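Okay, structure first, notes after.
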Amino acid sequence: MNAMSNVILKITNLKTHFFTRRGVVKAVDGVDFELRRGECLCLVGESGCGKTVTALSILGLIDSPPGRIVDGEVRYDNLDLVKCSARQLRQIRGKEIAMVFQEAQSALNPVLTVGDQIIEQMKIHLPMEHREARNRALSLLEEMGVPSVERVMSSYPHQLSGGMKQRALIAMSLTCDPQILIADEPTTAVDVTIKAQILDIFRDLKAKRQMSLVFITHDLAVVAEIGDRAVVIYGGKNIESAPVSEIIGSPKHPYTAGLIGCLPDISQTTDRLASIPGNTPSPIDLPQGCSFHPRCSKVMEVCSQREPAQIAISQEHQVSCHLNQ
Ligand code: SF4
């Protein structure tokens, strides 16, 4: 099948701004990508680069005011989700496109048991008797590798470990068997053993349910393990996109190369991790030209004067950097 006809979600020039007293926060300022059926696409970048706001924009979950999608398209099936009514979005959200939110502890309701939360989520979209919904909740938790499912169903979130809460949250997102699952940093707050188990769950979902995944992470080691393709975001724009093997093996943007340089190297004797110098720019006051130029070791005169255009290195690899132009 040709790659274009296989696209399930297409984001074009998405811009989401927040209008605050201090000025306009350009959290997302020109993000483009497409998600193909059955693939895992990773959105990569440091905190504050616009990954989560991109995901919330897709689902129509931007608080307005102060936020607003000021430009762009989010094409799903024959719909532009940016133009859909709140009612249309409610029907799609959770049912066709679901999200596993960051930080399981705050995403779960502390005063309801895990079972009640999964059942409630199911009943929003599916006409189900309580017993049927309960059985489905049990089988989803089993699919997530939860031991003692009855005990977990009747537990409150604070009674569960971080890994168990994350599994419950993923089970909740699957209640309506969505076409697309967006997972926001699902491996950030768990230890390495649980992280490996959570990644296994997502790999299984992709393989067994042919689910299309958008996986948000700052960690290129996670991208290497789970992703098919990756989009690197900086300053609210995508600055490089390619198949994961190319992003890791042959990055063309100095920021992507910097992220790869931050990965721990077990052959090194030092216990200090490398980092990219400087901080992510404030989205209220992005630098002129290339927004990475104050931190870039390869900066040239043109970089602070002109924003680099996106160019294609190959059919599958795009980059925005003057070094490649
Ligand atoms: Fe560095 Fe210039 Fe490329 Fe930006 S455009 S990443 S500043 S070389």
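What angle, in degrees between 0 and 90 and rounded to the nearest 10, separates the Cα long axis of helix 192-209 from the longest principal axis of the Cα atoms of the chain?
Long axis of 192-209 versus the principal axis of the chain: about 80 degrees.
What is the stretch 107-177's relative contact order, in percent, from Cα pairs under 8 angstrom and six or more apart in sequence?
On the way: 77 pairs, mean separation 33.2, N = 71.
It rounds to 47 percent for the stretch 107-177.
Run the numbers on the chain and let me know its relative contact order in percent, using alpha-carbon pairs under 8 Å that are six or more apart. Please report the intermediate quantities before stating the final value.
Details: 596 pairs, mean separation 66.1, N = 325.
RCO, the chain: 20 percent.
Report the percentage of all Cα-Cα pairs in the chain whose separation exceeds 35 Å, rounded to a whole percent.
Values: 12083 of 52650 pairs.
For the chain, the fraction of Cα-Cα distances above 35 Å is 23 percent.
Taking K and R as +1 and D and E as -1, what net charge do the other residues with C-beta under 14 Å from the C-beta of SER314 add up to? Don't skip to the end; give the middle numbers.
Working: positive: ARG229, LYS252; negative: GLU240, GLU246, GLU316.
Here the count lands on -1.
Relative to the longest principal Cα axis of the chain, at what angle does helix 114-125 sit, 0 to 90 degrees, rounded to 10?
80
Give, rounded to the nearest 20 debye, the magnitude of the charge dipole that the chain has about its Cα centre when Lys and Arg contribute +1 at Cβ and Asp and Glu contribute -1 at Cβ. Display every interim value, and only then the final one.
Details: 34 positive and 36 negative charges, 125 e Å.
My answer is approximately 600 debye.
Most exposed first by the Cβ proxy, i.e. fewest other Cβ within 10 Å, how do ARG306, ARG295 rank? The partial results should precede the final answer.
Values: ARG306 13, ARG295 18.
Final ranking by Cβ density, sparse to dense: ARG306, ARG295.
Sort ASP204, ASP191 so that the residue with the fewest other Cβ atoms within 10 Å of its own Cβ comes first and the one with the most comes last. Each step should come with its number before you reach the end.
Working: ASP204 14, ASP191 11.
Taking fewest neighbouring Cβ atoms as first place, the list is ASP191, ASP204.
Any idea how far the Cα center of the stretch 67-84 sits from the one of the stretch 158-215, in Å?
Answer, in whole Å: 26.
With a ≥ b ≥ c the root eigenvalues of the C-alpha gyration tensor of the stretch 204-316, is it rounded (a/c under 1.5), prolate (a/b larger than b/c) or oblate?
Working: a/c = 1.94, a/b = 1.32, b/c = 1.47.
Since a/c reaches 1.5 but b/c is at least a/b, the shape of the stretch 204-316 is classed as oblate.
How large is Rg/Rh for the stretch 78-140, to two decimals, with Cα atoms and a Kirkwood Rh? It would help to have the intermediate numbers written out before the result.
Working: Rg = 13.8 Å, Rh = 13.4 Å.
Ratio value, two decimals: 1.03.
With charges only on Cβ, +1 for K and R and -1 for D and E, what is the dipole size of the stretch 107-177 about its Cα centre, in debye, rounded to 20?
On the way: 7 positive and 8 negative charges, 33 e Å.
The calculated dipole for the stretch 107-177 is roughly 160 debye.
Using 5 Å bins from zero, what percent of all Cα-Cα pairs in the stretch 107-177 falls into each bin?
Bins of 5 Å from zero give 3, 20, 35, 26, 13, 3, 0 percent of pairs.
Of ALA104, VAL25, MET211, which is farthest along the charge dipole of the chain in the positive direction, counting Lys and Arg as +1 and Asp and Glu as -1 at C-beta?
Of the listed residues, the answer is VAL25.
As a footprinting exposure proxy, order LYS298, LYS95, LYS165 by other Cβ within 10 Å, with the fewest listed first. Spell out each step's value before the answer.
Working: LYS298 13, LYS95 16, LYS165 23.
Ascending number of Cβ neighbours within 10 Å: LYS298, LYS95, LYS165.
Laboratory data are not the source of any read-out in this text; all were calculated from the coordinates shown. Keep in mind the model is a prediction, meaning the values are calculated, not measured. Virtual Cβ from ideal backbone geometry, glycine too; neighbours counted across all protein chains shown.
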